[in-house]
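These notes are about the structure you will find just below.
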Amino acid sequence: MQLRSIISSMLPFGNIRKRLKETTRELSKFRLVLDQAPAAVYIINKDMYFEYINPSFTAQSGYTKDDLLNKHVNATIYKGKIPESRQHIVDALIKGETWQGELLSYHKTGRTYWASTIASPYKNEKNEVEGFIIIQQDITEHKRIQIALDESEKLYRTLIEKSIDGVVLSQN
């Protein structure tokens with residue numbers, strides 16, 4: 001009887017080990033997806049310390065894991081203080097809101113690039129903000145084309161409006 005009692009008491013530990021193994025395997029898959037994502041992904045905890053950056057973020061921004069992990073945003077990317085232009089994003093995230101838009105960002109070397117950005121808080125079981133997940137796509141080339149098109153349109157409009165001669169536009 002004593003052996004049967006010992007075996008019975010060990011069965012829950014077997015289930016726990018099995019569930020732990022399954023959970024670890026699932027987390028490994030999620031990590032693999034993030035590591036291979038073509039978009040830049042980084043995770044910051046609620047105290048604004050970097051917890052994760054993927055290789056695409058390193059390629060886009062120039063910052064490595066050694067540069068950022070377990071370091072405060074202000075001490076790394078912002079070199080002292082969150083810029084005024086970014087404060088509304090931080091405020092939205094702290095309130096538990098998602099923010100989406102285009103940001104002019106700075107590469108580690110100092111050059112600028114445009115990033116289409118989605119920043120979302122993640123929450124614990126009590127619905128409290130634990131941190132933030134930021135996903136960015138470099139749209140610098142798209143922005144350059146858009147700016148050139150806007151400037152060309154403005155120039156064309158100015159030429160037409162300021163022309164001394166009459167101008168007629170026709171199709172076909």
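Is it the case that some residue within segment 129-149 is of a type outside the set (S, T, N, Q), in contact with an Asp or Glu (Cβ under 8 Å, 6 or more places away or on another chain), at pLDDT 95 or above and within 14 Å of ILE44 (Cβ to Cβ)? Checking segment 129-149: at least one residue is of a type outside the set (S, T, N, Q), in contact with an Asp or Glu (Cβ under 8 Å, 6 or more places away or on another chain), at pLDDT 95 or above and within 14 Å of ILE44 (Cβ to Cβ). Examine segment 81-93 for a residue that is open to solvent by 20 Å² or more (accessible area, probe 1.4 Å), of a type in the set (Lys, Arg), part of a strand (DSSP E or B) and under 20 Å from ILE43 (Cβ atoms), and state whether such a residue exists. Looking for residues that are open to solvent by 20 Å² or more (accessible area, probe 1.4 Å), of a type in the set (Lys, Arg), part of a strand (DSSP E or B) and under 20 Å from ILE43 (Cβ atoms), one finds none in segment 81-93, hence no.
In summary, TYR78 fulfils each of the numbered conditions (1) exposed (fewer than 12 other Cβ atoms within 10 Å of the Cβ); (2) without any contact (Cβ under 8 Å) to a residue 12 or more places away in the chain with the single exception of condition (1). Kindly evaluate GLU161 against the criterion of being of a type outside the set (Lys, Arg), under 24 Å from ILE53 (Cα atoms) and open to solvent by 40 Å² or more (accessible area, probe 1.4 Å). Taking the combined requirement at face value, the residue does not satisfy it. Based on what the data block shows, is ALA119 modelled with pLDDT of 90 or more and either among the β-branched types (Val, Ile, Thr) or open to solvent by less than 50 Å² (accessible area, probe 1.4 Å) (or both)? When the stated conditions are applied, ALA119 passes them.
Report whether or not ALA37 is exposed (fewer than 15 other Cβ atoms within 10 Å of the Cβ), among the small types (Gly, Ala, Ser) and in contact with a helix residue (DSSP H, G or I) (Cβ under 8 Å, 6 or more places away or on another chain). Considered against the rule, which asks whether it is exposed (fewer than 15 other Cβ atoms within 10 Å of the Cβ), among the small types (Gly, Ala, Ser) and in contact with a helix residue (DSSP H, G or I) (Cβ under 8 Å, 6 or more places away or on another chain), ALA37 comes out as yes.
Of the residues THR98, THR109, the single one that is touching a residue at least 12 places away in the same chain (Cβ under 8 Å), within 27 Å of SER56 (Cα to Cα), loosely packed, with under 13 Cβ neighbours inside 10 Å and touching a helix residue (DSSP H, G or I) at 6+ places or on another chain (Cβ under 8 Å) is THR98.
The values are calculated or read from the model by the stated rules, or taken from the named source; none is laboratory data. These numbers come from a predicted model, not from an experiment. Virtual Cβ from ideal backbone geometry, glycine too; neighbours counted across all protein chains shown. Only protein heavy atoms, including side chains, enter the accessible area calculation; ligands, DNA and RNA are left aside. Shrake-Rupley method; radii C 1.70, N 1.55, O 1.52, S 1.80 Å.
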